[in-house]
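To start, the structure itself, in C-alpha cells.
The values are calculated or read from the model by the stated rules, or taken from the named source; none is laboratory data. Source: prediction; values computed, not measured. With ideal geometry, Cβ positions are generated from the backbone for all residues, glycine too; neighbour counts draw on all protein chains shown.
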Amino acid sequence: MIEEIRSILIKIGEDPARDGLLNTPLRVSQSLQFLLNKALFDVAYDEMVIVRDIELFSLCEHHLLPFFGKCHVGYIPDGRVIGLSKIPRLVDMYARRLQVQERLTTQIAETIDHKIHPRGVAVVIEAQHLCMIMRGVEKQNSVAVTSSMLGVFKDNQNTRNEFLNLVHHQSK
Ligand SMILES: [Zn+2]
C-alpha cells in the first residue's frame, strides 16, 4: 500500500522525497488500517489499561454550542486489546457529531465492549458546556461529569475505585 500512496503523491505534483512527506505513505497506510479496524491485537495482558486526559471537543445537540473537557477510558482485557492510540481516535469519532454528553460516554464504552469483549470498561467524561457557561446557569467553571461502567467496573467496587483513583490522583 505504501508504494501506491507514494505514487498518488507524485500524481498530485508532490515530491515524496521531501522531508515532510518522507514518512507520509507509511502514516497514511497505518491510518487506513486503523480505519479498517486492524488495530486489535491478541495478547496475554490482563491488567487494567487506562488512557486518561483525552482532550475532547464536541457540540451539544440542544444548543449547537461546544462542550469540551477530558475523557478517561479504562478497561480490563480478556485476551484482546485495542491499540492505545486508537482510544483517543474512538473518542474523537463519537465526539465529532452533535452529541449529548451522557450518550457520548455510553457510546465510547459500548463500542469498546462490543469490539474486544473485555472483562469490563469504564469511561468518565468531565466537560464544560458553553451553553451553561454563557447562560450563567451554573458557576463559570462548573464541570459536568458523566460515567459509564460496564462488566467488572460495574459489578466490583474495588475495580471501579482503582480506576477512579488512577484517573483522579494523577490528574491536574
Ligand atoms: Zn447545551
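Within the stretch 77-100, does at least one residue satisfy the condition of being at pLDDT 95 or above and of a type in the set (Gly, Ala, Ser)?
Within the stretch 77-100 (the criterion being at pLDDT 95 or above and of a type in the set (Gly, Ala, Ser)), the answer is no, since none of the residues qualifies.
Pull up the stretch 63-94, narrow it to residues that are assigned to a helix (DSSP H, G or I) and farther than 15 Å from residue 122 by Cα, then point me to the one that is farthest from the ligand (Cβ to nearest atom).
Here the residue is 86.
Name the residues in the stretch 111-125 that are more than 10 Å from residue 74 (Cβ to Cβ) and either assigned to a strand (DSSP E or B) or within 16 Å of the ligand (Cβ to nearest atom) (or both), would you? Before you say what the answer is, go through the steps one by one.
Within the stretch 111-125, the subset more than 10 Å from residue 74 (Cβ to Cβ) is 111, 113-117, 119, 125.
The one that is more than 10 Å from residue 74 (Cβ to Cβ) and either assigned to a strand (DSSP E or B) or within 16 Å of the ligand (Cβ to nearest atom) (or both): 125.
Could you list all residues from the stretch 83-136 that are β-branched (Val, Ile, Thr) and free of Cβ contacts under 8 Å to residues at least 24 places away in the same chain?
111, 133 - these are the residues of the stretch 83-136 that are β-branched (Val, Ile, Thr) and free of Cβ contacts under 8 Å to residues at least 24 places away in the same chain.
Which residue pairs have Cβ atoms closer than 9 Å, lie 6 or more positions apart in sequence or on different chains, and pair a first residue in the stretch 58-70 that is closer than 16 Å to residue 93 by Cα and among the aliphatic types (A, V, I, L, M) with a second residue that is more than 8 Å from the ligand (Cβ to nearest atom) and in a loop (DSSP other than H, G, I, E, B)?
Within 9 Å, the pairs are 59/96; 59/97.
Name the single residue that is nearest to residue 90 (Cα to Cα) among those in the stretch 1-32 being assigned to a loop (DSSP other than H, G, I, E, B) and at pLDDT 90 or above.
Among those residues, the one meeting the criterion is 23.
Checking the conditions here, which among 140, 128, 101 is within 16 Å of the ligand (Cβ to nearest atom) and either among the hydroxyl-bearing types (Ser, Thr, Tyr) or loosely packed, with under 14 Cβ neighbours inside 10 Å (or both)?
140
Scanning the stretch 46-57 for residues that are assigned to a strand (DSSP E or B) and free of Cβ contacts under 8 Å to residues at least 60 places away in the same chain, which turns out farthest from the ligand (Cβ to nearest atom)? Outline the logic, then answer.
Filtering the stretch 46-57 down to residues assigned to a strand (DSSP E or B) leaves 49-57.
With free of Cβ contacts under 8 Å to residues at least 60 places away in the same chain added as a condition, the list becomes 49, 51, 54-55, 57.
Numbers: 49: 32, 51: 26, 54: 21, 55: 19, 57: 14 Å.
This residue is 49.
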